[in-house]
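The values are calculated or read from the model by the stated rules, or taken from the named source; none is laboratory data. Source: prediction; values computed, not measured. Reconstructed Cβ throughout: ideal geometry from the backbone, glycine too, with neighbour counts over all protein chains shown.
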Amino acid sequence: MSDPRPLQPDAEAPDDGAGGLAQLVAARRARLARLEDAGIDAFPPRAERTHMVADAAAAFEAVEASGEAEGPHDVALAGRLVGALRRMGGSIFVHMRDESGEVQLHLRRDRMGEAAFEDAAETFDAGDIVGARGSMFRTRRGEVSLTVDGLTMLAKSLFPLPEKWHGIQDVETRYRQRYLDLLSSAEARERFRKRSTMLRAMRDFLDARGFMEVETPVLQPLYGGGAARPFTTHYHALDQTVYLRIADELYLKRLLVGGYERVYEICKDFRNEGIDRTHMPEFTMMEVYWAYADYRDMMDLTEQMVVHMARAVNGTLVVELDGRPLDLSPPWRRVTVRDAIIEVTGLDIQEHDTLAALANAVRAKGLAVKDEPTWPRLVDALLGAFVEPAIWEPVFLMDHPVALSPLAKRSPDDPRYAERFEPLVAGFELGNSFTELNDPLEQRARFEEMAGQREAGDEEAHPLDEDFLTALMHGMPPTGGLGIGIDRLAMVLTGTTNIRDVVLFPQLRTVGAKQ
């Protein structure tokens, strides 16, 4: 029973707006009252269950294969009724679903008794959560079923289930009432099961290589580890302003100073910025730091980890995304920012190493990008406008301008660039990685430079963090660091094109709020 059918439409589902719904709810409330009048608790505190649906079906098939005539007997199942009760003379048929699958229930008047049979017909609705006890058998049409001796109400459903055969079509309803999306769509349930498998595989991969999972503060007196505007709140007990973290990088690096050599955290981060198909202000990240490694080691780690996760989730390294095959097989291509821009635009940024020169070259080539205040930001704009959309198969985009990488070590080959890479796939970045800057004096100088940018009005410029600099003054080993966006990676491994479809409860504007 590993591939349950989509939820059947409720035969009584309203088709005439709120009035129809109100009548349905009133009918269900009347059935609830009937149970209460009979002294039956429609929401009992516990349920008896001997098998999950899939286990009961497997046990029956094992008995059947052994040649025995019947069995197993005295099976107790629990789950939700899906689809209308179908009455055929002295029989009622209805399907029950639990997390493992779906099974048909067969209620017979001659087996349950006249009173119990009629009570079931008059009391139960699609959507009710019930307990069913009986024996497994196969119908003449070949369907494994449970012939029911007794049916017990475990939770009366007072609202009807979604009407759709193949999931809820209204996007906002899917996000606001995710439980209805999950009830009505096997695809949605499988997508989030894959996300869970993905996270378990990530942990298994890192744990097997000696990395230790840790936890760092969500509320921070000073945010850092990225370029973003934070969410701000007030800590009443301490009477001070604090920030929801935009990254956990600086705390994880403090642990390297403290002597741990391989640490990681899977965490919620918060950036007070826009929403689109690949961005959400509240998102899940995995950050990992590896002492005595560099960004090339982190490329190998990233490639191996994603391959391990893809096999765990899908059993293959080829996924379908937006109707196209995407092959995650190693080795992933490694290309510098400079070479990638040359390939896509024909423009060599190194030949135009000032803002004015590069801006003139961009205009001369007719490249449509907005004006930027600095040479590195114009380089970044070229990446976003032309390089990222041109990438489909996985690529490590290496060696970014230092000014865009304030926590990364300079390249010894060209100090204008940092030892940094972004893993890119299907037109967007999956994360960010550096050979981490561990020189406290250079780190201070970069923080001070960004402090000037903040004073000039750049809200996303990194603040100066004296406590972190104090930690670096005690010595941090050469380190490779990596941050991977869990939500974006889930998009890739589940073949999903919108980040909200891989987040169980995405944040939405409050109903009725002003635009």
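Summary of computed values
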| item | result |
| --- | --- |
| So A115, is it surrounded by fewer than 18 Cβ atoms within 10 Å (Cβ to Cβ) and in contact with a Leu (Cβ under 9 Å, 6 or more places away or on another chain) | no |
| Those helices (runs of 4 or more DSSP H) lying entirely in segment 142-210 with at least 3 residues modelled with pLDDT of 95 or more | 186-208 |
| Yes/no for G150 being in contact (Cβ under 8 Å) with a residue 24 or more places away in the chain, in the same structural domain as A65 (by TED's automatic domain parsing) and closer than 29 Å to A188 by Cβ | no |
| Inter-residue pairs, beta-carbon under 6 Å, first in the same structural domain as D269 (by TED's automatic domain parsing) and in segment 287-307, second crowded, with 22+ Cβ neighbours inside 10 Å and among the β-branched types (V, I, T), 6+ apart | Y289/V263; Y289/T479; A291/T479; D294/T435; Y295/T435 |
| Members of segment 389-411 found to be in a helix (DSSP H, G or I) and either at pLDDT 95 or above or out of contact with any strand residue (DSSP E or B) (no Cβ under 7 Å at 6 or more places or on another chain) (or both), listed by number | P389, A390, A403, L404 |
| Answer residue from segment 444-454, given it is touching a Leu at 6+ places or on another chain (Cβ under 8 Å) and among the hydrophobic types (A, V, I, L, M, F, W, C) and is surrounded by the fewest Cβ atoms within 10 Å (Cβ to Cβ) among those | A451 |
| Residue count for segment 67-85, restricted to those that are out of contact with any Asp or Glu (no Cβ under 9 Å at 6 or more places or on another chain) and either at pLDDT 95 or above or under 11 Å from A132 (Cβ atoms) (or both) | 1 |
| Meets criteria (surrounded by fewer than 22 Cβ atoms within 10 Å (Cβ to Cβ) and either under 27 Å from the mean Cα position of the chain (by Cα) or at positive phi (or both)) for G457 | yes |
| Candidates D414, D465, D458, D487, filtered to the one that is assigned by TED's automatic domain parsing to the domain that holds T197 and at pLDDT 95 or above | D487 |
| Flag for E449 being part of a helix (DSSP H, G or I) and either in contact (Cβ under 8 Å) with a residue 12 or more places away in the chain or of a type outside the set (S, T, N, Q) (or both) | yes |
| Selection from segment 400-422 of residues that are over 23 Å from P440 (Cβ atoms) and crowded, with 23+ Cβ neighbours inside 10 Å | F421 |
| Enumerated strands (runs of 3 or more DSSP E) restricted to segment 246-334, each holding at least 3 residues that are crowded, with 16+ Cβ neighbours inside 10 Å and touching a Cys at 6+ places or on another chain (Cβ under 9 Å) | 282-291 |
| Yes/no for R203 being loosely packed, with under 14 Cβ neighbours inside 10 Å, under 19 Å from the mean Cα position of the chain (by Cα) and closer than 24 Å to V313 by Cα | no |
| Members of segment 419-446 that are under 19 Å from Y292 (Cβ atoms) and assigned to a strand (DSSP E or B) | E419, R420, F421, S433, F434, T435, E436 |
| Hits in segment 56-85 (condition: buried (at least 16 other Cβ atoms within 10 Å of the Cβ), assigned to a helix (DSSP H, G or I) and of a type outside the set (A, V, I, L, M)) | F60, E64 |
| Residues being closer than 13 Å to T278 by Cβ and in a strand (DSSP E or B) - total across segment 474-515 | 1 |
| Yes/no for G481 being in the same structural domain as E419 (by TED's automatic domain parsing), modelled with pLDDT of 95 or more and closer than 30 Å to K194 by Cβ | yes |
| Subset of segment 411-430 [among the charged types (D, E, K, R) and without any contact (Cβ under 8 Å) to a residue 12 or more places away in the chain] | D413 |
| Failed condition for S91, given (1) in contact (Cβ under 8 Å) with a residue 24 or more places away in the chain; (2) surrounded by 13 or more Cβ atoms within 10 Å (Cβ to Cβ) | (1) |
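Matching residues to (1) of a type in the set (A, V, I, L, M); (2) touching a residue at least 60 places away in the same chain (Cβ under 8 Å):
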| position | (1), (2) |
| --- | --- |
| A228 | yes, yes |
| A237 | yes, no |
| V242 | yes, no |
| R262 | no, no |
| C267 | no, no |
| H279 | no, yes |
| M309 | yes, yes |
